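What follows is a single structure, written as structure tokens, with notes after it.
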Amino acid sequence: MKGLLQRVSRARVEVAGEIVGSIDQGLMVLVAVEPGDTEASAAKLLHKLLNYRVFSDPEGKMNLSLADIDGGLLLVSQFTLAADTKSGLRPSFSTAAPPEVAHALFEHLLKEANRLHPQVASGRFGADMQVHLVNDGPVTFLLQT
């Protein structure tokens with residue numbers, strides 16, 4: 001799995017003009033599921049998301065995690081993140097998991113996130129979404145499991 005995390009001061013996802021998920025300070029994460037990913041991959045990614053130290057401590061160093069600051073976690077499915085862009089001028093999506101597999105693993109990730117963290121929101125799998133965010137820093141990391 002891939003997770004493109006962005007430290008945000010606020011973020012929201014809209015579908016057809018309706019806000020379906022929003023957070024204040026925290027992490028907005030674009031999530032891609034690739035062939036071969038499993039529930040263990042999802043667990044590893046979630047552990048990283050909740051514990052990756054990207055928030056500043058009182059000295060201004062990145063020493064605090066999402067769990068430490070009780071921030072929000074906004075998960076957004078993003079199959080294009082799994083694209084193969086190594087050659088040519090058009091992305092190939094052969095490196096993305098089939099939609100039914102990706103949907104099941106994304107839902108598993110979301111369920112586990114809700115179980116382990118108090119502030120979780122999400123986009124809508126497979127929908128045409130508009131993502132609005134204020135990237136704080138900017139701070140962006142690509143995590144892979």
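Quick one: count up the residues across the stretch 71-103 that are out of contact with any Gly (no Cβ under 9 Å at 6 or more places or on another chain) and either hydroxyl-bearing (Ser, Thr, Tyr) or within 17 Å of Arg7 (Cβ to Cβ) (or both).
Qualifying residue count, the stretch 71-103: 6.
What do you reckon, is Ala42 crowded, with 21+ Cβ neighbours inside 10 Å and either out of contact with any Lys or Arg (no Cβ under 9 Å at 6 or more places or on another chain) or basic (Lys, Arg) (or both)? Explain how you work it out, then say what you get.
Numbers: crowded, with 21+ Cβ neighbours inside 10 Å: yes; either out of contact with any Lys or Arg (no Cβ under 9 Å at 6 or more places or on another chain) or basic (Lys, Arg) (or both): yes.
Answer is yes for this residue.
What pairs come up if the first residue lies in the stretch 120-132 and is in a loop (DSSP other than H, G, I, E, B), the second is among the hydroxyl-bearing types (Ser, Thr, Tyr), and their beta carbons are under 9 Å apart, counting only those six or more places apart or on different chains?
Between residues of the stretch 120-132 that are in a loop (DSSP other than H, G, I, E, B) and residues that are among the hydroxyl-bearing types (Ser, Thr, Tyr), the close pairs are Gly123/Ser77; Arg124/Ser77; Phe125/Ser77; Gly126/Ser77; Ala127/Ser77.
State all residues of the stretch 52-111 that are of a type in the set (S, T, N, Q) and either part of a helix (DSSP H, G or I) or buried (at least 20 other Cβ atoms within 10 Å of the Cβ) (or both); if no residue qualifies, say none. If you could, list the steps in order and put the result at the bottom.
Initial filter on the stretch 52-111 (of a type in the set (S, T, N, Q)): 56, 63, 65, 77-78, 80, 85, 87, 92, 94-95.
Passing the criteria: Ser77, Gln78, Thr80.
In the stretch 13-39, how many residues are surrounded by fewer than 16 Cβ atoms within 10 Å (Cβ to Cβ) and touching a helix residue (DSSP H, G or I) at 6+ places or on another chain (Cβ under 6 Å)?
Adding up the residues that qualify gives 1.
Read-outs throughout are calculated quantities, based only on the coordinates presented, and are distinct from any laboratory measurement. No experiment lies behind these values; they were computed from the predicted model shown. So basically every Cβ, Gly included, is an ideal-geometry build from the backbone, and we count neighbours across all protein chains shown.
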